[in-house]
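Note sheet for the following structure.
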Amino acid sequence: MKKFTFAIKWYEILKPYSDDIRREVYDAIIEYVATGTIIEMQPVSRMAFDFIRYEIDEKERRKEERLAKKQSQAKAQAEQKETFDPDEITDSYIGTGKLSTPLVVQSNGVAIIVSNDKIHSFVRRCVSDMLDRELTPSGDENRFFNTLHIIASNRLDIIREDIKKHHTDEEFTDELWNSILNDACAKFPK
């Protein structure tokens, strides 16, 4: 359904004219907006309509310009948007050594160290989750890595607590830890 705004000034301009002329101009306006065609009318009605038609066309032109400008800006923003490779970020983060301590799990003197492939998988899921939430290293990589460290550490703490509640020390092995970590990674977004 097409919409347009009828300006009160058009009513004011046409007010002194006869009902027939006003009705003819009103019908012409509606027909023009609805179909783009110009109907036959008396010369006086045609003159009034032509002034109004100019305003209608000008409003439509400005509207189309604004829409084109918005589309152009959206396209430019989409082109400028940086893309981040979660694997590169993960490798870079793991390379900082920030997550080395939390990846050692201890239970009554037994230390379990997470294997490298599980570390990468786990951190990559955390990175992907952050990128999905539009948290990016753009501008401040240090801040991004600090946030990543907090998220990864918190998730590991939850996993550790779950392990301690449900497994005895004898059951707590490297294989169990890697299996639990893998299951936990599968539950995180991406």
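The values are calculated or read from the model by the stated rules, or taken from the named source; none is laboratory data. Every value quoted in this text rests on a predicted model; they were computed, and no experiment measured them. Please note: Cβ atoms are built from the backbone with ideal geometry, for glycine as well, and neighbour counts cover all protein chains shown.
Identify, please: which residue in the stretch 81-108 is exposed (fewer than 10 other Cβ atoms within 10 Å of the Cβ) and within 18 Å of Leu156 (Cα to Cα) and is, among those, modelled with the highest pLDDT?
So the residue we want is Gly97.
Taking the stretch 122-157, which residues are surrounded by fewer than 18 Cβ atoms within 10 Å (Cβ to Cβ) and in a loop (DSSP other than H, G, I, E, B)?
Those that are surrounded by fewer than 18 Cβ atoms within 10 Å (Cβ to Cβ) and in a loop (DSSP other than H, G, I, E, B): Arg133, Glu134, Leu135, Thr136, Ser138, Gly139, Asp140.
Hey, among the residues in the stretch 69-80 that are of a type in the set (D, E, K, R) and surrounded by 10 or more Cβ atoms within 10 Å (Cβ to Cβ), which one's modelled with the lowest pLDDT?
Taking the candidates together, the pick is Lys75.
Looking at Glu12, is it part of a loop (DSSP other than H, G, I, E, B), in the same structural domain as Asp57 (by TED's automatic domain parsing), among the charged types (D, E, K, R) and exposed (fewer than 13 other Cβ atoms within 10 Å of the Cβ)?
no
Have a look at Arg23, Arg66, Arg61, Arg46 and point out the one that is out of contact with any strand residue (DSSP E or B) (no Cβ under 9 Å at 6 or more places or on another chain) and either aromatic (Phe, Trp, Tyr) or surrounded by 14 or more Cβ atoms within 10 Å (Cβ to Cβ) (or both). If you could, list the steps in order and put the result at the bottom.
On the way: Arg23 fails: either aromatic (Phe, Trp, Tyr) or surrounded by 14 or more Cβ atoms within 10 Å (Cβ to Cβ) (or both); Arg66 fails: either aromatic (Phe, Trp, Tyr) or surrounded by 14 or more Cβ atoms within 10 Å (Cβ to Cβ) (or both); Arg61 fails: either aromatic (Phe, Trp, Tyr) or surrounded by 14 or more Cβ atoms within 10 Å (Cβ to Cβ) (or both).
Just one listed residue meets the conditions, Arg46.
Select from the stretch 23-79 the residues that are in a helix (DSSP H, G or I), of a type in the set (S, T, N, Q) and over 13 Å from Phe4 (Cα atoms) and list them in ascending order.
Those that are in a helix (DSSP H, G or I), of a type in the set (S, T, N, Q) and over 13 Å from Phe4 (Cα atoms): Ser45, Gln71, Ser72, Gln73, Gln77.
State all residues of the stretch 129-140 that are over 15 Å from the mean Cα position of the chain (by Cα) and either free of Cβ contacts under 8 Å to residues at least 40 places away in the same chain or over 12 Å from Tyr93 (Cβ atoms) (or both); if no residue qualifies, say none. Spell out the reasoning first.
First, pick out the residues of the stretch 129-140 that are over 15 Å from the mean Cα position of the chain (by Cα): 137-140.
Ser138, Gly139, Asp140, listed by residue number.
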